[in-house]
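What follows draws every value from the coordinates through simple rules; no lab data is involved. As the structure is a prediction and not an experimental result, all values here were calculated from the model. So basically every Cβ, Gly included, is an ideal-geometry build from the backbone, and we count neighbours across all protein chains shown.
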Amino acid sequence: MVTILFHETVFGPIHSRRLGTSLGINLMPNDGKICSFDCLYCEAGYNAQGKGQAGISSREEVKTKLEEKLSAMRIAGEKLDVITFSGNGEPTLHPDFEGVVDDVIALRGKYFPDVKISVLSNSTMIWKKSVANALMKVDNNILKLDSAIESTMRLVNRPANPDFNIENLIEQLKQFSGQCVIQTMMLRGSHEGRTIDNTTPQETEALLNAYTEIKPAEVMLYSLDRPTPEVKLQKVGRDELEQIAARFREKGIKVQVN
Ligand code: SF4
């Protein structure tokens, strides 16, 4: 199984094709993965690998490690575009996610006031008031919606909560009143004999309807970039992503292809 874990709470900076020079914050364990999804394409591998032994860093630990790093980067005159919450699972599962976000905003103000703060989230915790509050405070609230068709979402994202469903999710995504970016992974292939393809007319129509309801500031379309735990997945090429994006743009959706 493919497993690429981040072994630090604050990692990088790395160059992100989507976000620029990015300093990462991993709120999940440094030696395992915790996520409320178990996506077939997860670069961190399947949840079955386990949570590891290290546990989740406390708010104080995150603050201390980030301050050390930002201070050192400023002294060294290093460039930074963005601080990004991502890592070994879903950052909004951290029990004090809003407190961590408040600390990161304060430290950004102290060391790199022009830098943006991004959160890459799978959208499963946005029902929680403190998580939604925190996401409204960051510059780039990037939320996952890979398919607006229930069976495809279940097949690709494999939510841990059996009650998680697309209809509720779309309602919850509307609460941001456009202050969000929807990120959609386009892919095709198969898993355990079931075909996956979220580029079909039926899928893109459902996505378009969802985007129209959610009214995000922007949609980010992307495809596979690294090896995936399910090996029978295929990348959707850039030309095809652009063709899909053009259909969404025709309907007034702002779309970025990565
Ligand atoms: S939501 Fe992200 S971290 Fe979680 S399984 Fe999917 S790709 Fe991996």
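Figures for the structure shown
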quantity: Top of GLY99, GLY32, GLY24 by mean-square fluctuation, Gaussian network on the chain, Cα under 10 Å; calculated: GLY99
quantity: With Cα atoms, 0 to 90° folded angle of helix 201-214 axis to the chain main axis; calculated: 50 degrees
quantity: Placed amide H near SER16: partners under 5 Å, 5+ positions off or other chain; calculated: THR21, SER22
quantity: log10 of Debye I(q)/I(0), alpha-carbon scatterers only, for the chain at 0.09, 0.10 Å⁻¹; calculated: -0.38, -0.48
quantity: Mean projected area in nm² (Cα convex hull; one quarter of hull surface) for the range 1-128; calculated: 7.7 nm²
quantity: Estimated [θ] at 222 nm from DSSP helical runs (n ≥ 4, -39500 (n - 2.57)) normalised by residues in the chain, nearest 500; calculated: -10000 deg cm²/dmol
quantity: The range 23-33 - phi-based ³J(HN,Hα) in whole Hz, Karplus 6.51/-1.76/1.60, Gly and Pro as x; calculated: 8, x, 10, 9, 8, 9, x, 7, 10, x, 10
quantity: Diffusion constant of the range 37-88 at 10 °C, which comes from Stokes-Einstein with the Kirkwood Cα-pair radius and 1.306 mPa s, µm²/s; calculated: 114 µm²/s
quantity: Kirkwood hydrodynamic radius over Cα pairs of the range 141-258, then Stokes diffusion coefficient at 4 °C and 1.567 mPa s, in µm²/s; calculated: 89 µm²/s
quantity: Under Karplus coefficients 6.51, -1.76 and 1.60, residue-wise ³J(HN,Hα) of the range 48-64 in Hz, glycine/proline x; calculated: 4, 5, x, 8, x, 10, 6, x, 8, 5, 6, 3, 4, 4, 4, 4, 4
quantity: Two-decimal log10 I(q)/I(0) for the range 179-239, as the Debye equation yields it once each C-alpha is a single scatterer, q = 0.15, 0.16, 0.20, 0.27 Å⁻¹; calculated: -0.53, -0.59, -0.85, -1.16
quantity: Counting DSSP beta bridges with both ends in the range 10-257, the antiparallel % (nearest 5); calculated: 30 percent
quantity: Label zone at LYS79 (point 7 Å along Cα-to-Cβ), backbone N below 17 Å, the range 89-123; calculated: 112-116
quantity: Values of log10 I(q)/I(0), in the order q = 0.25 Å⁻¹, for the range 66-137 under a Debye, Cα-only, solvent-free model; calculated: -1.15
quantity: Built amide H within the under 5 Å cut-off of LYS51, gap 5+; calculated: LYS33
quantity: For the range 102-119, Karplus couplings with θ = phi - 60° (6.51, -1.76, 1.60), whole Hz, Gly/Pro x; calculated: 4, 5, 5, 4, 5, 5, 4, x, 6, 10, 9, x, 8, 6, 8, 10, 10, 10
quantity: Translational diffusion coefficient (Stokes-Einstein; Kirkwood radius from C-alpha pairs) of the range 1-45 at 20 °C, 1.002 mPa s, in µm²/s; calculated: 184 µm²/s
quantity: Inter-probe distance in nm under a simple model that places probes 7 Å from Cα toward Cβ, at SER71 and ALA160; calculated: 3.4 nm
quantity: Long pairs among LYS116/LYS251; LYS137/LYS232; LYS116/LYS232; LYS65/LYS254; LYS110/LYS235; LYS63/LYS251, criterion Cα-Cα beyond 32 Å; calculated: LYS137/LYS232; LYS116/LYS232; LYS65/LYS254; LYS110/LYS235; LYS63/LYS251
quantity: Nonlocal amide H pairs with LYS254, under 5 Å, H built at 1.01 Å; calculated: VAL219
